[in-house]
1. Please work out which residue is farthest from residue 193 (Cα to Cα), limiting yourself to the stretch 120-153 and to residues that are out of contact with any Ser or Thr (no Cβ under 8 Å at 6 or more places or on another chain) and of a type in the set (Val, Ile, Thr).
2. Could you tell me whether residue 78 is of a type outside the set (Val, Ile, Thr) and at pLDDT 80 or above?
3. Which residues, taken from the stretch 10-56, are touching an Asp or Glu at 6+ places or on another chain (Cβ under 9 Å) and surrounded by fewer than 19 Cβ atoms within 10 Å (Cβ to Cβ)?
4. Within the stretch 57-76, track down each residue that is over 16 Å from residue 31 (Cα atoms) and surrounded by 14 or more Cβ atoms within 10 Å (Cβ to Cβ).
5. Output the number of residues of the stretch 29-70 satisfying the condition of being touching a strand residue (DSSP E or B) at 6+ places or on another chain (Cβ under 9 Å) and under 14 Å from residue 14 (Cβ atoms).
Amino acid sequence: MRSHYKDEVLKKVQQAWLQYKAQARINQTQAAKALGIKQSAFSQYLRGPEKGGIQLNTDFLTKFADFIHMDLAEFGLDSGIELKRPAAFSLELRYTLSGATLTGRCFPVQSIVPKRNCYAVLVDMQGFVMPKGSIIIIDPDADISEHDGVICKTGDGPVKVGQIVDAEDGWRIISPVWGKVLSFKADEEGIVHRIIGYYHPDGKGKIYQQKK
């Protein structure tokens with residue numbers, strides 16, 4: 001593993017972090033958690049050895065590049081280096097379930113997300129199948145089949161979550177809301193994207209043990 005990089009690489013890393021931090025509204029603590037390191041170590045990598053920090057290394061750079069959705073070549077490095085997945089992946093928070101304005105634009109997920117262009121919908125209301133504070137993980141490029149879970153969004157309206165079915169009058173989205181079951185025509189919605197997972201960052205409780 002290479003353990004020494006030129007000052008130009010450090011400058012590009014610092015600039016990339018400043019841009020990503022402003023865009024994603026994320027702080028060093030969140031980024032460090034995503035990379036599986038302490039916040040103090042993350043800060044020292046950004047400072048560099050000349051200012052009392054840590055020398056950049058390949059392990060940090062590959063994880064950092066993946067986290068902020070950049071290629072190693074953009075730092076002037078060999079893009080052929082095998083990319084190591086971080087402990088978490090940075091997802092764009094694109095919508096809220098209620099339609100409220102987002103206060104942040106990034107969500108570190110403690111799992112491997114299959115594609116960089118996946119995004120998240122924040123569950124910011126009670127009464128949904130997942131607890132408030134959870135996120136719904138969306139793949140906008142995934143094929144959609146009957147009975148898949150999907151989200152749909154039209155204009156500035158709230159996100160609708162449901163199951164897509166092939167009905168007699170065309171494709172419909174069946175959405176259970178507050179004890180009721182609503183039905184919408186899929187082709188009348190602005191976007192329809194497939195749900196690929198759910199994630200709750202602070203899930204607590206007993207651990208389920210599968211019976212053998």
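The values are calculated or read from the model by the stated rules, or taken from the named source; none is laboratory data. Only a predicted model underlies this, so the values are computations on that prediction, with no experimental measurement involved. Note: ideal-geometry Cβ built from the backbone for every residue, glycine included; neighbour counts use all protein chains shown.
1. Top of the filtered list is 129.
2. Numbers: of a type outside the set (Val, Ile, Thr): yes; at pLDDT 80 or above: no.
Criteria not met by residue 78.
3. Of everything in the stretch 10-56, those that are touching an Asp or Glu at 6+ places or on another chain (Cβ under 9 Å) and surrounded by fewer than 19 Cβ atoms within 10 Å (Cβ to Cβ) turn out to be 12, 16, 50.
4. The initial filter retains those residues of the stretch 57-76 that are over 16 Å from residue 31 (Cα atoms), namely 57-58, 71-76.
Scanning the stretch 57-76 gives 57, 58, 72, 75.
5. Summing the residues that are touching a strand residue (DSSP E or B) at 6+ places or on another chain (Cβ under 9 Å) and under 14 Å from residue 14 (Cβ atoms) in the stretch 29-70 gives 2.
Residue-wise test of (1) assigned by TED's automatic domain parsing to the domain that holds residue 157; (2) modelled with pLDDT of 85 or more.
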site	(1), (2)
24	no, no
29	no, yes
39	no, yes
119	yes, yes
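Quick grid of which residues meet (1) modelled with pLDDT under 70; (2) farther than 22 Å from residue 65 by Cα; (3) buried (at least 20 other Cβ atoms within 10 Å of the Cβ):
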| position | (1), (2), (3) |
| --- | --- |
| 88 | yes, no, yes |
| 93 | no, no, no |
| 103 | yes, yes, no |
| 122 | no, yes, yes |
| 132 | no, yes, no |
